[in-house]
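Next up is a structure, given as C-alpha cells.
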Amino acid sequence: MASGHSITPRAELTRRRALTVAAAFVGSLAYEAVRSFAFDLMPQLWQMTLGSVLLLTILFLPNGLGSLVSRVKRREEAKS
C-alpha cells in the first residue's frame with residue numbers, strides 16, 4: 001500500500017464485507033427514494049421511471065453501488 005500501512009487479508013475481507021452490507025443498505029434506500037419520487041411526480045409512469053433508473057444503474061455501475069467507493073479511493077490514490 002502507498003500509505004505504508006499493512007493490511008492483513010482477513011482485515012481486507014472484513015472491510016469488503018462491511019462495504020457490501022453498507023452498499024446494499026444504501027441501494028435499498030436509493031431504490032425506495034426513486035420509487036417514491038417517481039410515484040409522486042408521475043403516478044402513471046413511475047414503473048417506467050424506476051425501470052429506467054435501474055437499467056442505467058446496471059449499465060454504469062455493473063459492480064454495484066459499492067464500486068463507487070472503490071473508484072473514489074483509486075482516484076485519490078492516483079492523485080497522491
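Look through region 60-80, keep the residues that are assigned to a helix (DSSP H, G or I) and either of a type in the set (Ser, Thr, Tyr) or touching a residue at least 60 places away in the same chain (Cβ under 8 Å) (or both), and return whichever of them is nearest to VAL21 (Cα to Cα). Break it down stepwise before answering.
First, the residues of region 60-80 that are assigned to a helix (DSSP H, G or I): 60, 66-79.
Now restrict to residues that are either of a type in the set (Ser, Thr, Tyr) or touching a residue at least 60 places away in the same chain (Cβ under 8 Å) (or both): 67, 70, 77.
Working: SER67: 13, SER70: 15, GLU77: 24 Å.
My answer is SER67.
A further question on this structure: What's the number of the only condition in (1) touching a residue at least 24 places away in the same chain (Cβ under 8 Å); (2) not in a helix (DSSP H, G or I) that ILE7 fails to meet?
Among (1) touching a residue at least 24 places away in the same chain (Cβ under 8 Å); (2) not in a helix (DSSP H, G or I), ILE7 violates only (1).
Within region 37-50, can you find the residues that are assigned to a helix (DSSP H, G or I) and either of a type in the set (Lys, Arg) or loosely packed, with under 12 Cβ neighbours inside 10 Å (or both)? Outline the logic, then answer.
Of the residues in region 37-50, the ones assigned to a helix (DSSP H, G or I) are 37-41, 46-50.
Within region 37-50, ASP40, LEU41, MET48 meet the criteria.
Select from region 51-80 the residues that are over 18 Å from GLY27 (Cβ atoms) and in contact with a Ser or Thr (Cβ under 9 Å, 6 or more places away or on another chain) and write down the one among them that is surrounded by the fewest Cβ atoms within 10 Å (Cβ to Cβ).
Initially, region 51-80 is screened for residues over 18 Å from GLY27 (Cβ atoms), giving 73-80.
Checking the rest, the ones that are also in contact with a Ser or Thr (Cβ under 9 Å, 6 or more places away or on another chain) come to 77, 80.
Details: GLU77: 11, SER80: 7.
Of everything passing the filter in region 51-80, SER80 is surrounded by the fewest Cβ atoms within 10 Å (Cβ to Cβ).
Right, another one. Is it the case that THR57 is hydroxyl-bearing (Ser, Thr, Tyr), in contact (Cβ under 8 Å) with a residue 24 or more places away in the chain and on the phi < 0 side of the Ramachandran plot? Write out each step before concluding.
Working: hydroxyl-bearing (Ser, Thr, Tyr): yes; in contact (Cβ under 8 Å) with a residue 24 or more places away in the chain: no; on the phi < 0 side of the Ramachandran plot: yes.
Against the criterion (hydroxyl-bearing (Ser, Thr, Tyr), in contact (Cβ under 8 Å) with a residue 24 or more places away in the chain and on the phi < 0 side of the Ramachandran plot), THR57 does not qualify.
Counting just the residues of region 1-51 that are closer than 22 Å to GLY66 by Cα and among the aromatic types (Phe, Trp, Tyr), which one comes out modelled with the lowest pLDDT?
Checking each candidate, the answer is PHE25.
The values are calculated or read from the model by the stated rules, or taken from the named source; none is laboratory data. Small disclaimer: the values here were computed from a predicted structure and weren't measured. So basically every Cβ, Gly included, is an ideal-geometry build from the backbone, and we count neighbours across all protein chains shown.
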